[in-house]
Amino acid sequence: MTLPLRFIIDGYLIDMSRSEVTGKAGSIKVEPKVLQVLLLLAQNAQQVVSHQQIMEQVWQGSEVVPNALQRCIARLRKVLDDDAKSPRIIATHPKIGYRLMVDVQWQQEQPKQRAVINNPRELKGRWKWLALVVLIMTLGLFFAVFTTSLELKIKSIKTITHTDSFESEVSYSPNGQYIVFNRQTQSCYSHIWAKNLKTGIESRLSEQAGFYRDTRFTFDGRSIIFTQQKNCDQKAREFEPQSANCWQINSLDFAASLSSPQPAAVRYQCQNQSISRPIALPNHQYAFLQTEHGNSGLIHYNALNQQSDILFAPSALSIYSYDYSPVQSQYAVIGFNPDSEHVLSILNEQGRVLQQHIVTLQKTILPLAQFEIRYSNEGDALLAVNDGTLYHLNLNGELSEYKPLLQNIISVDKHPKNAQVIAITGYKDTDIANVPIYTEHNTPIQSGINQSVQPYKSFARTKSAEKSAKFQPFSDLIAFISERSGNDEVWLWDGAQATQLSDFANNSRIEQLTWSPDGKQIAVVSNGLLKLIDLDGNTQSFNAPVLLEKVAGWHQNSSLLVTATAANARALWALDLKTLQFTPLPIEGVINTWSTSHTLYFSHLNGKVFRVSLPIDSQAPEHMSALNGKSLVLSQNKFYSYDPTSRYLSMYNLEGELIKQIRPLKPFAWKLSDVKGQHMLLEQVIEVNQDIIELELSYDH
């Protein structure tokens, strides 16, 4: 049997006939000998292939330059984005050979059909037999189709953009000729762009830069609608604004904007509540998600009379994504129920529930990872993205994944006429810096997004995401979360080297960590479970009444605060470490907490900070308007907070009153993680990379 000339490894398509490798960054021509080495390793996947065997089969006794094989392996690693020090694709066995560490998916070529000329007399004598054969084959095909499940495949990948900017929110025009997307180069410097997929010509549509999201065509293709987040200083250079005073819906005339950039028309005036995913309905109607204090609802807005109505906001669901099908005239809404299960609701145009199902999750899906959904052209199914993977979601909640599995898919939109899907793909590389609080650094930093920068010197530098660094109380360790081993794990930094402390199950996801007040334990939530880890790596797990999101703080010695998504809000729970009892607290929408012996401070998603006295009763929380909850640390009864308006690190007292401005922080390093003595830990963005790709899907049985 001859092996096919096309195969897939780790998301890369290798085409031997074209000497070409296609990945998320596009297609690359590779020398034939180099690919012959890869083919031989693929034929013996998971097995060591000796140096001698490779030389004999690839070079077949011909003279070669010194280190020819080593150069081929180095070239393959570069093309496949593999690291020789910590390989994930090609392993080196010193003085022996090499081994392909991943599985191979072979793509069989379609056999060419031979043209056969039959004698008419013979054909006439066999027509009955031919008819019978056709009937049998038809019945066989019928039963094969309807008794076997679809195998969903990503057939090809095509790079659409690969720029130094940050692309997001892409969608097709109704005729499939154009795509429209948001392109961001700085924090408050977004523009709406269109690209003609046939000619490749790009056109900037928006006249005024701003902070834009949710770019999408109207269903008739005449206009583009998008959200604009206000309170966005054009001179700001951070990755994203820290706060906003209102959100609005804008639109652009598509034909006019193609000729020259146009000013946006406001369709929905600025509101204090966060809004997202606006969809233009017929007759100047709009739908969008609105979030306030952690509660989300699907809203219907009539632009003619400027009236808003709640379309769907059940108290037992925490809605996070939705879409609308003009073909079926219905909505698909997905959210969490009180048991943290994903519930898919299908609604008519008036918001009445037509059907409702719990999504059947596969074992590889993280329980609290959210789905981004888009209707298919016919409105009978959904495309869903979860944790970087593309899925087919039936309206009855059945889920199937597309293979080969691609990583880092963020959002998708279905082509209106064929099997193409336009997608945003990318990653974010963050690091941690240990910086003196009062020392000024004047090194200039470029302000673009899709670039590698290092505002301050990082410790334990990798190309993976590092976050949530915390100083150990009463000692010198720093704990942080890193995905350098393939999953989110807890790591320790002793000032010289990093050591992995935890060893959780595959696909673990951790939002943040907290030290115990005595510095002997670390608390995290991994895949919905609260875990305590001692400094020897011993782990104790606690089952809560609900699936948990993250640890929110350690209150004194005896109580841990955690958050959970349930009942249409981010609920706050307390674990009494003496009785091991979980108790819900009467506060909703909590993202982070800070506490003293008598007061609990907490933040919402928009960064607003509030406080209540302990124990919590029916008192109304007090807003601490000067504090930014997205970059805030409480240390020695002082708040250290980054002010997005002045761009300064400032110190405040427990009343939220400014004590002094300390120093400006560099762009991409504004997020304060911890403070201890004269030092602070900063999360900094090293590289952000999001681009547009087009996938061709196939459905095989």
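The values are calculated or read from the model by the stated rules, or taken from the named source; none is laboratory data. Nothing here was measured: the structure is a model prediction, and the numbers come from that model. Virtual Cβ from ideal backbone geometry, glycine too; neighbours counted across all protein chains shown.
Of all residues in region 298-325, how many are without any contact (Cβ under 8 Å) to a residue 60 or more places away in the chain and more than 22 Å from residue 394 (Cβ to Cβ)?
Qualifying residue count for the region: 13.
For region 161-219, enumerate the residues that are among the acidic types (Asp, Glu) and in contact (Cβ under 8 Å) with a residue 12 or more places away in the chain.
164, 167, 169, 207, 214
Look at residue 681 and say whether it is among the aliphatic types (A, V, I, L, M) and within 30 Å of the chain's Cα centre (by Cα).
Yes: the conditions hold for residue 681.
Run residue 96 past the list (1) modelled with pLDDT under 85; (2) in contact with a Ser or Thr (Cβ under 7 Å, 6 or more places away or on another chain); (3) of a type in the set (A, V, I, L, M) and report the number of the one that doesn't hold.
Just one mismatch for residue 96, condition (1).
Condition check ((1) under 18 Å from residue 169 (Cα atoms); (2) in contact with a Gly (Cβ under 6 Å, 6 or more places away or on another chain); (3) modelled with pLDDT of 90 or more; (4) part of a loop (DSSP other than H, G, I, E, B)) across all residues:
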position	(1), (2), (3), (4)
369	no, no, no, yes
374	yes, no, yes, no
384	yes, no, yes, no
396	no, no, yes, yes
406	no, yes, no, yes
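How many of the residues in region 606-624 are polar (S, T, N, Q), surrounded by fewer than 16 Cβ atoms within 10 Å (Cβ to Cβ) and at pLDDT below 90?
The qualifying residues number 2.
For the structure I just gave you, tell me whether residue 660 is in contact with a strand residue (DSSP E or B) (Cβ under 9 Å, 6 or more places away or on another chain) and without any contact (Cβ under 8 Å) to a residue 12 or more places away in the chain.
Answer is yes for this residue.
Check region 553-572 and report whether any residue there is out of contact with any strand residue (DSSP E or B) (no Cβ under 8 Å at 6 or more places or on another chain) and of a type outside the set (S, T, N, Q).
no
Looking at region 539-551, is at least one residue at positive phi, not hydroxyl-bearing (Ser, Thr, Tyr) and not in a strand (DSSP E or B)?
No, region 539-551 contains no residue that is at positive phi, not hydroxyl-bearing (Ser, Thr, Tyr) and not in a strand (DSSP E or B).
Could you check region 369-386 and list, in sequence order, the residues that are β-branched (Val, Ile, Thr) and over 10 Å from the mean Cα position of the chain (by Cα)?
If the condition is that a residue be β-branched (Val, Ile, Thr) and over 10 Å from the mean Cα position of the chain (by Cα), then 373 is the only one that fits.
Is it true that residue 641 is touching a Leu at 6+ places or on another chain (Cβ under 6 Å), buried (at least 22 other Cβ atoms within 10 Å of the Cβ) and among the small types (Gly, Ala, Ser)?
So residue 641 passes the test.
For residues that are among the small types (Gly, Ala, Ser) and under 25 Å from residue 548 (Cα atoms), scanning just region 321-365, find the one that is surrounded by the fewest Cβ atoms within 10 Å (Cβ to Cβ).
Once the filter is applied, the top-ranked residue is 340.
Can you pull out every residue in region 312-349 that is closer than 24 Å to residue 377 by Cβ and assigned to a loop (DSSP other than H, G, I, E, B)?
Of everything in region 312-349, those that are closer than 24 Å to residue 377 by Cβ and assigned to a loop (DSSP other than H, G, I, E, B) turn out to be 326, 327, 328, 329, 349.
What's the total number of residues in region 589-605 that are touching a Gly at 6+ places or on another chain (Cβ under 9 Å) and surrounded by fewer than 20 Cβ atoms within 10 Å (Cβ to Cβ)?
2
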